Amino acid sequence: MKKILIIADGLFAKSFIDKLYGLRSNLHHYVVISNDKDIIDTKNSFENFTYHHFDPTSLSRLKAVISGYFSQFIIIMQNEVDAIASYENLRQISTKTDIVFLNLWNIKHEGMSEDKHLEFVDNNSIISTHFVGHLPDMPSLADNIGLGQGEIMEVKVPIGSSYMYRHLSSLQQKRWRIALIYRSGELLLPSNSLMIRPNDTLLIVGDPQALHAVYRSIKREPGQFPSPFGSNIYVFLDMKVMNDQRMQKIVANALYLHENLSNKRLIFRVINPTFNPTFKMLKEIHEEKISVVIDYMTADNSQIIADISNNDIGFVITDDGYFNKFKHFFYMLKLPVLKLGERDFSEIKQGAILSDGKENIENQSAVIMDIASQLKMEIKLYYFNVKNTKDEDITEHFESISSLFEKDISIENSKKNPLLKLSQIDTMLQFITFDEHLLKGGLSTLLSTSISRHYGKMKKNAQLFIPASS
């Protein structure tokens, strides 16, 4: 979450703050400084808004508030002298932080024109352009095209986005499409082989709700898993089905992951409770960010769906026996599901991706690299290709995204099926695309040439099943 400072006064600033607050976006934390009491709206303050009421032309007061790193400063003021004074104060505090400055006066202040980290927003130019859009035979702005309901959106891909270094063919563009890409002043028409790069501007069209979801996904920063699926980790324990040894292992690994991932809470639900060491261990947990629900009324896993809906669950942990018994149910959840292996998670130091070119690996790569980065795992891609030809798209993608997460990835391209040697190893975390083909069993799996269908041969290892639509 980035911190953004807003210095504001006047009607235009109040309108901007109100609209920003109305978006209910929790991507960033906004610190608002104003001498205008009408802007300091503490009654309706959202959790990621902080308000300060004082004169921003006071350098000492600004220094007291601006502690730590801010991604951006925004100045929206109605008095020219105060606006320039606030700008100069901010530059004394930080010389390189980007400043967005509302320019109502066509300012040509000495030094400001040479500031490479200053962007002027010309209010007069914006209004005149809007009026020109109403003239006949003139191009229209995006908000005046089509239904005018937000079905056209322009999004800049930030450094650190999960969309960086992805080919367009890897994106499941359902209910939305990338219409154009702008890069370094050039217009690029979309094609399957085109790769999205940092600072590209995407013109996307589609259903307004889908576009907002895409926007949040594009702006998501690394190191956030289990986001964007949810904020919390969920563990379901059926003491009638699972023995004490199984449950203790699940609990211990869940606690380890809770300590090492960026989730907010760890939630245990226990059904069919019996008095055993696991029950006693759970009852003794009294940590603020861990919830233990002992359910004496429910006899099956029907409560899982309600728990996921009500608790912002983004990640589910289970073991091999329970996963295989309820595989169709876990698939229906559309969440990452971790099936534990024989080793404790603390012993796992390498992640493995197995591919024969049939899986849409790029679609899950940001999640994979995010997890590996947080858990300090090495990553290896085993590319099984009987024709022994290198898949340039996969290689280019992973080599590029590895630099984003500062995580090296090695790629092994071989004509030999990697399952033959990896099935004897139990110290890896295997990443698997959780699509409907994995639900099929029996003879169809035995005869399948898809390497992911044979995930059962790697059951000694921990396996993370990532939804195909992520």
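What the table below lists for this structure:
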| read-out | value |
| --- | --- |
| Meets criteria (modelled with pLDDT under 85 and open to solvent by less than 40 Å² (accessible area, probe 1.4 Å)) for Ser161 | yes |
| Qualifying residue in the stretch 75-88 (condition: among the aromatic types (Phe, Trp, Tyr) and over 30 Å from the mean Cα position of the chain (by Cα)) | yes |
| Filtered residues of the stretch 274-324 (kept if among the small types (Gly, Ala, Ser), surrounded by 13 or more Cβ atoms within 10 Å (Cβ to Cβ) and within 26 Å of the chain's Cα centre (by Cα)) | Ser291, Gly314 |
| Residue in the stretch 437-450 that is of a type outside the set (Gly, Ala, Ser), open to solvent by less than 60 Å² (accessible area, probe 1.4 Å), modelled with pLDDT of 80 or more and closer than 24 Å to Met369 by Cβ present | yes |
| Checklist (1) part of a loop (DSSP other than H, G, I, E, B); (2) open to solvent by less than 50 Å² (accessible area, probe 1.4 Å); (3) farther than 30 Å from Arg177 by Cα applied to Pro226, failing item | (3) |
| Residues that are within 19 Å of the chain's Cα centre (by Cα), open to solvent by 50 Å² or more (accessible area, probe 1.4 Å) and more than 23 Å from Glu151 (Cβ to Cβ), drawn from the stretch 191-220 | Arg197, Asn199 |
| In the stretch 82-98, residue farthest from Lys3 (Cα to Cα) [restricted to those that are assigned to a loop (DSSP other than H, G, I, E, B) and either of a type in the set (Phe, Trp, Tyr) or open to solvent by 30 Å² or more (accessible area, probe 1.4 Å) (or both)] | Thr95 |
| Which numbered condition Ala179 fails, given (1) among the hydrophobic types (A, V, I, L, M, F, W, C); (2) surrounded by fewer than 16 Cβ atoms within 10 Å (Cβ to Cβ); (3) assigned to a loop (DSSP other than H, G, I, E, B) | (3) |
| Of residues in the stretch 223-280 being in contact with a Lys or Arg (Cβ under 8 Å, 6 or more places away or on another chain) and hydroxyl-bearing (Ser, Thr, Tyr), the one modelled with the highest pLDDT | Tyr234 |
| Of all residues in the stretch 229-257 being under 15 Å from Leu340 (Cβ atoms) and among the hydroxyl-bearing types (Ser, Thr, Tyr), the one that is least open to solvent (accessible area, probe 1.4 Å) | Tyr234 |
| The one condition in (1) under 23 Å from Phe398 (Cα atoms); (2) in contact with a helix residue (DSSP H, G or I) (Cβ under 7 Å, 6 or more places away or on another chain); (3) exposed (fewer than 15 other Cβ atoms within 10 Å of the Cβ) that Asn260 fails to fulfil | (1) |
| Pairs where the first residue, in the stretch 307-332, is assigned to a strand (DSSP E or B) and the second is of a type in the set (Gly, Ala, Ser), C-beta under 8 Å, 6+ apart | Ile313/Gly230; Gly314/Ser227; Gly314/Gly230; Gly314/Ser231; Phe315/Gly230; Ile317/Ala254 |
| Positions within the stretch 51-81 being assigned to a helix (DSSP H, G or I) and crowded, with 18+ Cβ neighbours inside 10 Å, in sequence order | Leu62 |
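The values are calculated or read from the model by the stated rules, or taken from the named source; none is laboratory data. Values in this document were obtained by computation on a predicted structure and should not be read as measured data. Using ideal geometry, Cβ is built from the backbone for each residue, glycine included, and neighbour counts are taken over all protein chains shown. These area figures cover heavy atoms from the full protein model, side chains too; ligands, DNA and RNA do not enter into them. Shrake-Rupley method; radii C 1.70, N 1.55, O 1.52, S 1.80 Å.
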